[in-house]
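What follows is calculated from the coordinates using simple rules that are stated; it is not laboratory data. These figures come from a predicted structure and were not determined experimentally. With ideal geometry, Cβ positions are generated from the backbone for all residues, glycine too; neighbour counts draw on all protein chains shown.
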Amino acid sequence: EGEERWENLEELRRVAEDFRGLEGDEALSQFLERVALVSDVDALGEEGASTAMLTLHTAKGLEFPVVFIVGLEEGIFPHSRSMTDAEQMEEERRLAYVGITRAKDRLYLTRAFRRSSYGYEELTIPSRFLKDIPPELLDDRNRPARSVTSSGRAGRGASQPGFGPFGQRQVTPAAPTPKSALHKVGDRVYHQKFGEGTVIAVEVEGSEEYVQVAFPNQGIKKLAASIAPLEKR
């Protein structure tokens, strides 16, 4: 019993750690919401056909015939705050393992091709945890992505690269590359809207350089270097 209480305290500490970067009422309200979900899990019963919605932190020790894990995208799971912290990344990986092993019969892993942010639809990057799963264990069900206009909004305009099995990007032949990239992985940059972030990937398509930046409180953004107001720090 004493060991179980100690594990409960450790789990509480890990949950609280997720909110270290937040301040004020936002941090408190989100923490209380997480704790409320923990208490809801205690009331789960073995009988009756019902759907349980819970966080990965609260799923420890539970099993279900069917499990859905959603939001498997870089910046969501793993969280953007873990991108520059190896210890936090390992904690995210541990949570992924916990979630995956909760399924008795069927496991569904889902992600969005795009998410709406500040009124614009943005491309997402598949979670690195998907690539850790052997391909022979997966039954990949992808739906073709819609096209995106030059403004970033969904529409019937210009086409855009799609994604193959769990994030293997289907890249069209690139046009002649520009002289040299302006950014490199690890660069610290500042954006007027998103704040400071870390460059996690750089790719060149034609004459344009695209930079993927992990912003601590905004997630991962893919920005065109010639347009985005990025300043090196």
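Remarks
- Amide H contacts of Ile125 (H built 1.01 Å from N, under 5 Å, at least 5 apart or other chain): Glu74
- Each residue of region 78-85 was assigned a 3J(HN,Hα) from its phi angle through the Karplus expression (A = 6.51, B = -1.76, C = 1.60, θ = phi - 60°), giving x, 5, 4, 5, 8, 5, 10, 10 Hz with x at Gly and Pro.
- Over all distinct Cα-Cα pairs of region 61-143, the Kirkwood formula returns a hydrodynamic radius of 13.9 Å.
- Pairs beyond 30 Å (Cα-Cα), from Lys60/Lys193; Lys60/Lys232; Lys104/Lys131: Lys60/Lys193; Lys60/Lys232
- Pairwise FRET efficiency - Arg106 versus Leu12, Cβ, R0 = 35 Å, nearest 0.05: 0.70
- By the beta-carbon count within 10 Å of each Cβ, the least crowded to most crowded order of Thr101, Thr198, fewest first, is Thr101, Thr198.
- Shown here is the pair-distance distribution of region 175-233: with all Cα-Cα distances grouped in 10 Å bins from zero up to the longest one, the shares run 26, 57, 16, 2 percent.
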